[in-house]
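The values are calculated or read from the model by the stated rules, or taken from the named source; none is laboratory data. Note that the coordinates shown come from a computational prediction; the quantities given were computed from them, not determined experimentally. Here Cβ is always computed from backbone atoms with ideal geometry, including for glycine, and neighbour counts include all displayed protein chains.
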Amino acid sequence: MDLKAIISDLQDFYILSFRGLLGIVRRPFYIKDAVEQMDYAGAGSFFIILLVSLFVGMALSLQLSAELSRLGLKMYTGKVVGISIIREIGPVTTALVFTGRVGAGMSSELGSMILGHQVDTLRVFGVDPIKKLVTPRILSSIIMLPALTIIGTAVSLLGGYYIAVFVSHQSGTVYWSSIRDVLIFENVFAGAFKPFIFGYLIACISCYMGLSTKGGSIGLRSTTTNAVVASIIMIIIADFVLTRVLLYILGFSV
Amino acid sequence: MIVFDTVSLSFGPHRVFEDLNLSIGQTERVAVLGGSGEGKSTILKLILGLLRPDSGRIIIDGEEITSKRESAMRGIRRKFSIVFQEGALFDSLSVKENVAFCMREYSDLSEEEIDQRVMDLLRTVGVAHAKELMPEELSGGMHRRVSIARSLAACNPQMFLYDEPTSGLDPVNAENICKLILELSGNKQGFIIVTHKVYDAISVAKRFIFLYGGKILFDGNRQQLLDTDIPEIQHFIKELNFIDTCKSSG
């Protein structure tokens, strides 16, 4: 791919991301579409997020209990599990699962609409495809991913509790009091802010890839794959950048 | 009036049109013929501004659309009604909702009035019984009929555009769609039908444009098409085994 094509693609991506976000505050509002997308993204992802979060929390608690026991610091399991999950693992894990399910779905749905001339039909009818298709998906992602992250984080902490108390034989009271100690504004804000950005990135990347689909079923396959891969990479990079910025803003010393 | 003035278009290394000149009147019944990849459907997309040419001008009713912004194209597009290949119905909406789509977007009609108009349109195209079905439950012929009903609901078009309306249909359904196309255009409305089925084109159109190698190889009436000695067209017609049928039917 030549440089001109890369710049042109980036320009198209930025325009779509900006206009998609702007559509939230500009008429016409496609509320029904946004609610449908929220149902698909939120309610549809609920159980898979619960399941993944539970096992991630349990695995993390297991690893930390083993290591901290060796150092004689088992009573800190709750604190370390809490900080890791609330600030980092909860938001990132939820975003990655969300990408695999919702991002791939968005990309393939829009891709098949492109191949079936449905997007052209919208344009012929004078409907802006970005407002009709992209804005509801952005809105649903930036609302549902934070909500799912809160639920996922809580379930991960429960998983951590189960391992700490029933496998590592620690006191449940100590575990929960450690968790309460880490539930300070700085930690909660650091974990709660990220999903908004992740949700926006996932929706924009997936919609852009979907709307760029060319070349039949093979093209659809590659755009869906590219949407998931690009979203995962961007989540990991954004997580690092956001962590760095948030630690600085919230006054943590590194 | 649609005018293509030295229009050129390429998709990557593939040159679709090279200095294409064409003019089509509002009441003409035109069939655009040609093999796969010759740019038949692309002509419709250029007319609607869904694609922009690399060079040249496209003029619709005296307005040059080539450099118009997307937001300014709505007025131009409302002059046409298009039925895309395979129907292009919205998968997530029922037949009724598909047909009502534009009325809900742009009209102030009440739900009862929309329902009434939808039913009228579905009756016109002969699929009123399918109003509650989803697109995946429709047969190929019903799909096209619903798509035609939806395009009629869109606006009050000056001209109809049909992109391969009979492809993938059995001969009976294809003939029914051709009859419907003729009925809808009546005596005063023109249409452009893009197809590779010569028999269907001959049964509905009066003017025939044959695309080959990025240029117009032939532009004439039915008799001129059947009598032409251009080898590519003779081959195209004979290969499909339609010429004899057409000649015997007069």
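A few points about this structure:
- Against the test of being more than 22 Å from B:LEU180 (Cα to Cα), β-branched (Val, Ile, Thr), under 18 Å from the mean Cα position of the chain (by Cα) and within 12 Å of another protein chain (Cβ to nearest Cβ), the options B:ILE82, B:ILE76, B:ILE60 yield a single qualifying residue, B:ILE76.
- Checking A:PRO146 against (1) farther than 21 Å from A:PHE98 by Cα; (2) more than 9 Å from chain B (Cβ to nearest Cβ); (3) in contact with a Pro (Cβ under 6 Å, 6 or more places away or on another chain), the condition it does not meet: (1)
- Of all residues in segment B:142-149, none are in contact with a Lys or Arg (Cβ under 6 Å, 6 or more places away or on another chain), under 30 Å from A:PHE29 (Cα atoms), of a type in the set (Gly, Ala, Ser) and within 11 Å of another protein chain (Cβ to nearest Cβ).
- Hits in segment A:125-143 (condition: within 30 Å of B:PHE80 (Cα to Cα) and away from chain B (no Cβ under 14 Å)): A:VAL134, A:THR135
- Residue within segment B:44-65 that is among the polar types (S, T, N, Q), in contact with a helix residue (DSSP H, G or I) (Cβ under 9 Å, 6 or more places away or on another chain) and farther than 16 Å from A:VAL119 by Cα present: no
- With a requirement of 1 or more residues that are within 14 Å of another protein chain (Cβ to nearest Cβ), the helices (runs of 4 or more DSSP H) lying completely within segment A:84-124 that satisfy it span A:104-115, A:118-124.
- Any hit, segment B:163-171, residues being in a helix (DSSP H, G or I), out of contact with any strand residue (DSSP E or B) (no Cβ under 9 Å at 6 or more places or on another chain) and polar (S, T, N, Q): no
Quick grid of which residues meet (1) of a type in the set (Phe, Trp, Tyr); (2) closer than 25 Å to B:LYS206 by Cβ; (3) assigned to a loop (DSSP other than H, G, I, E, B); (4) more than 16 Å from the chain's Cα centre (by Cα):
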site	(1), (2), (3), (4)
B:VAL3	no, yes, no, yes
B:LEU9	no, no, no, yes
B:ASP19	no, no, no, yes
B:THR27	no, yes, yes, no
B:VAL32	no, yes, no, no
B:LEU46	no, yes, no, no
B:LEU51	no, no, yes, no
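- Condition check for B:GLY141: over 20 Å from A:PRO129 (Cα atoms) and under 22 Å from the mean Cα position of the chain (by Cα): yes
- Members of segment A:182-211 that are closer than 18 Å to A:TYR40 by Cβ and of a type outside the set (A, V, I, L, M): A:PRO195, A:PHE198, A:GLY199, A:TYR200, A:CYS204, A:SER206, A:CYS207, A:GLY210
- Residue match in segment B:184-199 (condition: in contact (Cβ under 8 Å) with a residue 60 or more places away in the chain, within 14 Å of B:LEU225 (Cα to Cα) and surrounded by 23 or more Cβ atoms within 10 Å (Cβ to Cβ)): yes
- Residues that are surrounded by fewer than 14 Cβ atoms within 10 Å (Cβ to Cβ) and modelled with pLDDT under 90 do not occur anywhere in segment B:41-61.
- Options B:ALA100, B:ALA88: the member that is in contact with a helix residue (DSSP H, G or I) (Cβ under 8 Å, 6 or more places away or on another chain), crowded, with 18+ Cβ neighbours inside 10 Å, at the interface with chain A (Cβ under 8 Å from one of its Cβ atoms) and at pLDDT 85 or above: B:ALA88
- With respect to the conditions (1) closer than 25 Å to A:PHE198 by Cα; (2) surrounded by 22 or more Cβ atoms within 10 Å (Cβ to Cβ); (3) touching a Phe, Trp or Tyr at 6+ places or on another chain (Cβ under 7 Å), A:SER107 falls short on a single one, namely (3).
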